[in-house]
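The values are calculated or read from the model by the stated rules, or taken from the named source; none is laboratory data. As the structure is a computational prediction, the values presented were derived from the model and not from experiment. Using ideal geometry, Cβ is built from the backbone for each residue, glycine included, and neighbour counts are taken over all protein chains shown.
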Amino acid sequence: MQKTRTFLASIAMATVLSLPVMAQDAPTIDTVVATVNGKDITVGHMIVARASLPEQYQQLPDDVLFTGILEQLVQQSALSDTLEGELPARVVLSLENETRSLRAAEAVEQTMAKADTEEAIKTAYDEQYGSVDQEIEYNASHILVETEEEASALVEELAAGADFAELAKAKSTGPSGPNGGSLGWFSSGMMVPTFEEATVALEPGAVSAPIKTQFGWHVILLNEKRTKDAPALEDVREELDIQIRQTIAQTTIEAVTEAAEVDTTASTTIDPAVIKNLEWLE
């Protein structure tokens, strides 16, 4: 096997060295890079072969990929010519499935190319962000204790001038205690309802009365609040473009399938397990 591979590699290298200089200067998709038994291998064949490689192989240096892909295509061409008789059913059926898949994908691409995606992107942006009420975000801190009495005592200490962060570090039983009780920024739906309602009712700098949740008793300080602006169009353009293309593809598939003359009645008489019979392909 190793001798065979070495021999084929030598043929590939000799073919590369014999290429006309003119073809190397200005190659096109139809530029012939090798000929095997009278059949051409072109730059186009190599481009497609490279595009189908796993990502980690595509990162290899160009010269390494060029040599490796050419060697592979030369070997495949030579071996293909040695095949005797008709193609096995599994190969014929695989080719038919692959052709069907590629043609279907190309049909969808043609539909997308005709679509005004730029206008669709702007429309989608307006629908998703233009008419939506601007969201309010809150930055708050809290001190969590076990009883209402403890919470009330904290409120009194704060009213007398105690530092909220220091009290949180000393008294809070919550995980934010060591950080001065800071919860950072949050918006609607991120906190339990009772806690959120109490926070929303505060003005920046104000401290709440004791608030009870399933976690215990809280004293809340609203540090500040802000209006969350809608993202800029350019920041979400790629996301919207993907959404639109997926919608176009799905709509196209459904419309074309609906318009096609389809008869699947014969399939209702077949045992679904039949598709496991790989031996039929031999």
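Some points to look at:
- Tally of residues being assigned to a helix (DSSP H, G or I), more than 21 Å from residue 113 (Cβ to Cβ) and within 32 Å of the chain's Cα centre (by Cα) across the stretch 235-272: 3
- Residues that are modelled with pLDDT of 90 or more and hydroxyl-bearing (Ser, Thr, Tyr) are absent from the stretch 114-121.
- Residue count, the stretch 130-169 (criterion: in contact (Cβ under 8 Å) with a residue 60 or more places away in the chain, more than 17 Å from residue 209 (Cα to Cα) and surrounded by 15 or more Cβ atoms within 10 Å (Cβ to Cβ)): 3
- Checking the stated criteria, residue 103 turns out to be among the basic types (Lys, Arg) and exposed (fewer than 11 other Cβ atoms within 10 Å of the Cβ).
Residue-by-condition table, conditions (1) outside the structural domain of residue 128 (by TED's automatic domain parsing); (2) touching a residue at least 40 places away in the same chain (Cβ under 8 Å); (3) exposed (fewer than 13 other Cβ atoms within 10 Å of the Cβ):
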{"position": "171", "(1), (2), (3)": "yes, no, no"}
{"position": "175", "(1), (2), (3)": "yes, no, yes"}
{"position": "213", "(1), (2), (3)": "yes, no, no"}
{"position": "219", "(1), (2), (3)": "yes, yes, no"}
{"position": "245", "(1), (2), (3)": "no, yes, no"}
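- Residue 177 being out of contact with any strand residue (DSSP E or B) (no Cβ under 9 Å at 6 or more places or on another chain) and of a type in the set (Gly, Ala, Ser): no
- Selection of helices (runs of 4 or more DSSP H) fully inside the stretch 126-201 by the criterion of at least 3 residues being touching a Gly at 6+ places or on another chain (Cβ under 7 Å) returns 164-171.
- Filter result (free of Cβ contacts under 8 Å to residues at least 60 places away in the same chain and in contact with a strand residue (DSSP E or B) (Cβ under 7 Å, 6 or more places away or on another chain)) within the stretch 189-201: 192, 194, 195, 198
- Count of the stretch 206-232 residues which are modelled with pLDDT under 90 and touching a helix residue (DSSP H, G or I) at 6+ places or on another chain (Cβ under 6 Å): 1
- The single condition among (1) touching a residue at least 40 places away in the same chain (Cβ under 8 Å); (2) under 30 Å from residue 125 (Cα atoms) that residue 238 does not meet is (1).
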